[in-house]
Amino acid sequence: MLDFFTIFSKGGIVLWCFQGTGVTESFTGPVNALIRSVILQERSGNNSYTHDALSLKYKLDNEFELVFVVGFQKILTLTYVDKFIDDVQLHFRDRYKNELEQKRALTLLSSCFTFEDNFKMLLCEAEESSKARGPTSMRSFNASLKSQKTVKSMIETKGGDKGKKNKNAKKEAPAAEPVKGEQAKAPASAQKTVENGNQGLTQEEIIQKKREEFIRKRMWAPAEKPIKSPKPAKEKTKGKEKRVWTLGGSNTKELDYSQRNGNGAHATGDHVLDAQADPGMQLSSMKGDLLAVDYESSEEDAVERVVVADTSKKIPKRGAFGGMFGMLKGLVGSKSLSQEDMEPVLDKMRDHLIAKNVAAEIASQLCDSVAKKLEGKVMGTFTTVASTVKGALQDSLVQILQPKRRVDILRDVLEARSQHRPFVITFCGVNGVGKSTNLAKISFWLIENGFTVLIAACDTFRAGAVEQLRTHQRRLNSLHPPQDHGGRPVVQLYEKGYGKDAAGIAMEAIAYARNQAFDVVLVDTAGRMQDNTPLMTALAKLIAVNMPDLLLFVGEALVGNEAVDQLVKFNQALADHSMSDEPRLIDGIVLTKFDTIDDKVGAAISMTYITGQPIVFVGTGQTYNDLRSLNARAVVGALMKA
């Protein structure tokens, strides 16, 4: 049934392993994938992991820094695995507790743990218990509640109730049946009703009680209000006067600037705009790597006080000495953390993360992962539960935001240049997140580092998309005039108008860039919602046909739960509509509008956690200089700030 079972330390020392009969493949590949994808990336909230045809379940022992992993075929439904792995953990740590505490790493490597007999005994017990329960049989119709219903209970009465008794009626009283004509009058003493709290009263007593209430209300009725004198009629207010602008002019012809430039001279063509640089666009140099996002966050204990306030349970007073020693006992590291100790702190942390724009599902998974990471761990000396949980959560967030692979676009562009081909970057995302604007910022950064750029206008749907890119091209060329670069424009626009096939335009642009020796091709695509199947199919076709070197998803920092839905469905659409066995998915993220969110930076966590891909660029403003790289610790500091 089981393919393998292994026990190893978090330092990588394999203490004991078991391999099932008939299993010849090594289990190092699935276990290494589990370590890379789950344990190292702080995704241990769920204790199961699927790798190819295997299903893996694991358990962490934080007191002894051990990991227990069991693997079996995912087509099997083994209900006893969870209890079995718990039993193995308890038996293993109890039997070898002294050896695990006292022996060093070299001694553990040389020693041999004889655990096979206990393991087989526990496995047999688990399998027998699962067989004893057996599958539950379906109950018959006669045993169901539906068979007990009568025809009378399903008849709808005039009031709309299906044979239901009045909620206020007594269970002992039979249901009253309607009689044609006048109803038979029963004796007053026998007509007991339960109505509006008049339990056990006869009809005459209820009438008498209502009469007394009516007389009491009439006797204590409030005095009539004095008649107020009519207010004098208000004077009619004047209407809003038309504003007169000082420099507005009185003639509409004076306001027509369509045939003139800003200095009053008539325009003669686009070359005039290209030749004149906007004096307000004198930007600083961006040579080299981008500056990191800086966020001033005070590392004060006020964060802990606000985030995890009122999380500790109130301790009853037991006298002066009892309270003092109880406080010291809570501080000194003599107790291992349990789920009950961490639950109030984690609840506050979860609410705090959601308030900082982290998706609710992601916040819950992060807190569950921290709980699994800390459960059973002995606290340090003079540390509280709140500070321990907060520190573990901060470490987890930093680990999530740090890139898992090398992200160096300048180096990749130089490598592509040595191969005499352009480096292709494709931008995708939903509508209105700033794809074209941030594409222009990245163009400026690449130009500052000495590369030539070709912009492919593949947004053939939105009106004005090509004109927007042409405006950016003019401005970038005015900042870097062609005469400073051997008479060649450093940035050019490749466009074929509107209504054309975006994949074909991208292919032609890449071929043109290869012939003209451009260093980088930036492909701008149309914004599309993640539920729009035709547009998602077109995007998957563009990526499958052209195979860009880097596929960047552009998302705004303002979104919360929507970030999860966008990224999941974009990746799913790219996988579903791909023609390859290994579909191309999102390689990185461009986080825009970062300057508008203050300290609500939770979207960065949500996007990185869902995709596992790094945030490559961060947009922080509206000028070409407002482009940064992500600083994981600064973002986590802003996220944890109250």
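Based on Cα atoms of segment 4-129, Rg over Rh with Rh as the Kirkwood radius reads 0.94. For segment 336-401, the equivalent ellipsoid built from the Cα gyration tensor has semi-axes of 20, 12, 10 Å, listed from largest to smallest. State the answer as a single residue: which of 398, 336, 387 lies farthest towards the positive end of the charge dipole of segment 336-401, with beta carbon charges of +1 for Lys and Arg and -1 for Asp and Glu, about the Cα centre. Farthest along the dipole direction, towards plus: 398.
In sequence order, segment 393-409 has phi-based couplings of 5, 4, 4, 5, 5, 5, 5, 5, 6, 6, x, 8, 9, 5, 10, 9, 5 Hz under the Karplus curve 6.51 cos²θ - 1.76 cosθ + 1.60, θ = phi - 60°, and Gly or Pro positions carry x. What the phi angles of segment 524-538 give under the Karplus curve with 6.51, -1.76 and 1.60, with θ = phi - 60°, is a coupling list of 9, 10, 6, x, 8, 6, 5, 9, 7, 5, x, 6, 5, 5, 5 Hz, glycine and proline written as x. Distances between placed amide hydrogens fall under 5 Å for residue 51 paired with 56, all partners being 5 or more residues away or on another chain. Remark: the residue 155-residue 211 segment gains 16.3 nm on full extension, using 0.36 nm per residue and subtracting the alpha carbon distance. Couplings 3J(HN,Hα) of segment 340-348, computed from phi: 5, 5, 8, 4, x, 5, 5, 4, 5 Hz, in residue order, whole Hz [Karplus 6.51 cos²θ - 1.76 cosθ + 1.60, θ = phi - 60°; x for Gly and Pro]. The H on the amide N of residue 424, modeled in the peptide plane, is under 5 Å from the matching H of 521, 549, 550, each at least 5 residues off or on a different chain.
Computed about its Cα centre, the charge dipole of segment 409-640 is approximately 460 debye, with only Lys, Arg, Asp and Glu carrying charge at their Cβ.
Amide H contacts of residue 554 (H built 1.01 Å from N, in plane; Pro and chain starts excluded): 428, 429, 590 sit under 5 Å, all sequence-distant by 5 or more or on other chains. Report, in listed order, any pair from 496/569; 74/120; 600/641 with a Cα-Cα distance greater than 20 Å. Among 496/569; 74/120; 600/641, the Cα-Cα distance tops 20 Å for 496/569; 74/120.
Lys/Arg Cβ at +1, Asp/Glu Cβ at -1, dipole of segment 512-642 taken about the Cα centre: which of 547, 520, 577 is farthest positive-ward? Highest projection toward the positive end goes to 520.
Counting only Cα atoms, segment 517-626 measures 42, 39, 23 Å along its principal axes, largest extent leading. As a fraction of the 1.4 Å probe accessible area of segment 437-509, surface on carbon and sulfur atoms comes out at 52 percent.
With no solvent and one equal point scatterer per Cα, compute the Debye intensity ratio I(q)/I(0) for segment 409-640 at 0.13 Å⁻¹ and report its log10, rounded to two decimals. Debye intensities relative to I(0), on a log10 scale: -0.75.
For segment 563-627, the share of accessible area belonging to carbon and sulfur comes to 45 percent (1.4 Å probe, ligands and nucleic acids excluded).
The values are calculated or read from the model by the stated rules, or taken from the named source; none is laboratory data. This one's a predicted model, so the numbers in the text were calculated from it and none came from an experiment. Please note: Cβ atoms are built from the backbone with ideal geometry, for glycine as well, and neighbour counts cover all protein chains shown. Protein only, heavy atoms only, side chains kept; ligands, DNA and RNA dropped before computing areas. Shrake-Rupley method; radii C 1.70, N 1.55, O 1.52, S 1.80 Å.
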